[in-house]
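First up is the structure itself, then whatever we jot down about it.
The values are calculated or read from the model by the stated rules, or taken from the named source; none is laboratory data. The shown structure was predicted, so the numbers you read here are calculated from the model rather than taken from an experiment. When we count neighbours, we look across all protein chains shown, and the Cβ atoms used for this are built from the backbone with ideal geometry, even at glycine. Accessible surface areas use protein heavy atoms only, side chains included; no ligands, DNA or RNA. Shrake-Rupley method; radii C 1.70, N 1.55, O 1.52, S 1.80 Å.
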Amino acid sequence: MGGEAFLSTRQQTITTDSFQMALEPEELVETQQGVETVGYVAIDGGTGTWNGINFRARMTFASYRELFQPINFGQTHAAIPSFIASIASYNGADNSHLRFDNADLNSVDVKIEEDTTRN
C-alpha cells in the first residue's frame, strides 16, 4: 500500500454546540487508523464575509443518492463560486463520498458515491 492512507471525514449529530466526527478510510483498509489531528471550520448558516471573501453557508435537508441532483445557490454569481461541501449523515453501512460536477453561476450538481475499493 505505499504512501499515506486516504481518509475522509464524516459528521453526524450536528447541533449548535457540537458535532460528532469520524475518520473514514477506504473500504479496503482493514487496519486500525492511528491517532490524527483534525482541523475544522464551523460557520453558522447564512451569508457573511470572512477575510475579505463573501460566503454563503447552509445545510440541505434533501436526500442525495448515486445520481447527480442540483443544488441551487439561490442567487446568480458573477463568476463560478468555490464550492466546499461534505456529507453530514450516516445512512447505510458502505463508505461513501460526496462528488460534484457542472458548477455554474447558479448551481452545482452533487451525488453520493460509494467507495468501491473492496467490492
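Residues in the stretch 79-96 that are within 18 Å of PHE19 (Cβ to Cβ) and in contact (Cβ under 8 Å) with a residue 40 or more places away in the chain: SER86, ILE87, ALA88, SER89, TYR90.
Considering only the stretch 54-99, state which residues are of a type in the set (S, T, N, Q) and within 19 Å of THR116 (Cβ to Cβ). Reasoning before the result, please.
Taking the stretch 54-99 as the starting set, the residues that turn out to be of a type in the set (S, T, N, Q) are 54, 60, 63, 69, 72, 75-76, 82, 86, 89, 91, 95-96.
Within the stretch 54-99, ASN91, ASN95, SER96 qualify.
Taking the criterion of being open to solvent by 100 Å² or more (accessible area, probe 1.4 Å) and within 15 Å of SER89 (Cβ to Cβ), the residues of the stretch 46-65 that qualify are PHE61, ARG65.
Tally up the residues in the stretch 15-34 that are at pLDDT below 85 and either part of a strand (DSSP E or B) or not polar (S, T, N, Q) (or both), please. Count: 10. Which one of PHE83, PHE55 is at pLDDT 85 or above and not in a loop (DSSP other than H, G, I, E, B)? Only one candidate passes the filter, namely PHE55.
How many residues are surrounded by 10 or more Cβ atoms within 10 Å (Cβ to Cβ) and among the aliphatic types (A, V, I, L, M) when one looks only at the stretch 25-41? Within the stretch 25-41, residues that are surrounded by 10 or more Cβ atoms within 10 Å (Cβ to Cβ) and among the aliphatic types (A, V, I, L, M) number 2. Screening the candidates ALA103, ALA88 for the property of being of a type in the set (A, V, I, L, M), modelled with pLDDT under 85 and open to solvent by less than 90 Å² (accessible area, probe 1.4 Å) yields one hit, ALA88.
Going by the structure shown, is GLY74 open to solvent by 50 Å² or more (accessible area, probe 1.4 Å), more than 18 Å from the chain's Cα centre (by Cα) and not hydroxyl-bearing (Ser, Thr, Tyr)? Break it down into steps so the answer makes sense when it comes.
Details: open to solvent by 50 Å² or more (accessible area, probe 1.4 Å): yes; more than 18 Å from the chain's Cα centre (by Cα): yes; not hydroxyl-bearing (Ser, Thr, Tyr): yes.
Here the answer is yes, as GLY74 does meet what is asked.
The number of residues in the stretch 86-119 being touching a strand residue (DSSP E or B) at 6+ places or on another chain (Cβ under 7 Å) and in a loop (DSSP other than H, G, I, E, B) comes to 10. Just to be sure, is THR76 free of Cβ contacts under 8 Å to residues at least 40 places away in the same chain and either within 22 Å of THR15 (Cβ to Cβ) or part of a strand (DSSP E or B) (or both)? Spelling it out, it is not the case that THR76 is free of Cβ contacts under 8 Å to residues at least 40 places away in the same chain and either within 22 Å of THR15 (Cβ to Cβ) or part of a strand (DSSP E or B) (or both).
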